[in-house]
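This report refers to the structure that appears directly beneath it.
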Amino acid sequence: MAGHSPLDHVVDHDTIELPWGRVLHLPKIDLPIIGEFALTRYMVMEVIAATIVILIAAAYARHIRRNHVTKGVLPNIVESLVYFVKDKIAVPAIGDHDAYKFLPYLLTIFFFVLVSNLLGMVPGGASATGSIVVTGMLALMTFVTVYRAGSEIHGYGGFFTNLVPHLEVPGEMSLEKFGMKGSINIPSTLMWCLMFVIELVGLLIKHFVLAVRLFINMTAGHLVLAVILGFILEASGSLFYVVTPASVFGAVFISCLELLVAFLQAYIFTFLSALFIGSVLHAH
């Protein structure tokens, strides 16, 4: 851990833990306009994750150009994940006609989130997706993609007007269903404005929750793992020999569960992104 507190494992630092207990202090860079810019552990992990994704994509592209049939364990794993995103996420959520247009974005998001999650399982590593800033930017990218997809069909202004479904509201609405007598006159324009506000807020909330969901799930797992290992540091005397085996067993179990969560959260984030894209491609 980067410190004595279990919370240090899930917060950002200006250091990176190296093997054999060494610690690398990240430098600070002076930029002309921004000023002093400090590198952090999550920034480095983002670059590492992006580099790994680029290398995987480049190697897989060269492999399929040279071979008509995929050979090898790693190429088959990558191909299985690619077809999984295409057949189980993109096509069902967006539709066969438009899925291939957004498949590169969905593949990029899936592999980046997956690799970022798995880097947190590497000793000395960290999950950049454990930062709300990182997950917030990923959700913002999805929002921009959703807006771009909807604006290409409905126009830049039509994207927002299309949020409101077609309404057939009568001039007068009876109040008997609410246990009241008489009726109230509700202009259709007012109703449309209310629906527009509700739909717009709902759209923003969906993308906000998209960021928070990934952040909380990745942070919670690592925090629990850090707390379990922290029991060993707090144990003393004969209690140490009782707490240590139980903590190690619990850490191994949580680590295996974290591997499942890493894949599951990458799937959920990508699927919801595809679902949001598909929802704006078709009018209400």
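Just so it is clear, none of the values below were taken in a lab; they were calculated from the coordinates. Just so it is clear, the model here is predicted, and its values are computed rather than measured. We place every Cβ from the backbone using ideal geometry, glycine too, and count neighbours over all the protein chains shown.
Which angle between 0 and 90 degrees, to the nearest 10, do you get for helix 99-119 versus the longest principal axis of the chain when only C-alpha atoms count?
30 degrees
Please report the net charge: other residues with Cβ closer than 10 Å to the Cβ of residue 277, K and R +1, D and E -1.
Local charge sum for residue 277: +1.
Would you please give the FRET efficiency between residue 58 and residue 275, computed as 1/(1 + (r/R0)^6) with r the Cβ-Cβ distance and R0 = 45 Å, to the nearest 0.05?
Taking R0 as 45 Å, the efficiency between residue 58 and residue 275 is 0.95.
Could you check which residue among 150, 120, 72 shows the biggest mean-square fluctuation in a GNM of the chain with a 10 Å Cα cutoff?
72
Quick one: angle between helix 240-281 and the longest Cα principal axis of the chain, in degrees between 0 and 90, rounded to 10, please.
The answer is roughly 30 degrees.
Can you put 151, 255 in order of Cβ neighbours within 10 angstrom, beginning with the fewest?
255, 151
Connecting C-alpha atoms closer than 10 Å in a GNM of the chain, tell me which of 63, 154, 13 has the biggest fluctuation.
Most flexible of the set in this elastic network: 63.
What's the angle, to the nearest 10 degrees (0 to 90), between helix 41-66's Cα axis and the longest principal axis of the chain?
Tilt relative to the chain: about 80 degrees.
What does the helix-only formula give at 222 nm for the chain: each DSSP H stretch with n ≥ 4 adding -39500 (n - 2.57), the total divided by the residues, and the result rounded to the nearest 500 deg cm²/dmol?
Roughly -22000 deg cm²/dmol at 222 nm, from the helical runs in the chain.
Looking at the chain as a GNM with Cα springs under 10 Å, which of 145, 270, 135 has the largest mean-square fluctuation?
The residue that fluctuates most here is 145.
Evaluated at 37 °C with a viscosity of 0.692 mPa s, what Stokes-Einstein diffusion coefficient in µm²/s does segment 27-78 have when Rh comes from the Kirkwood expression over alpha-carbon pairs?
The calculation lands on 239 µm²/s.
Cα gyration tensor of segment 65-152, axes a ≥ b ≥ c as square roots of the eigenvalues: rounded (a/c below 1.5), prolate (a/b > b/c) or oblate?
Oblate, because a/c is 1.5 or more while a/b does not exceed b/c.
Would you list 163, 223 from fewest to most Cβ contacts within 10 Å?
Result, fewest neighbours first: 223, 163.
Return 25, 207 ranked ascending by Cβ neighbour count within 10 Å, so the fewest neighbours appear first.
With the sparsest Cβ surroundings first, the list reads 25, 207.
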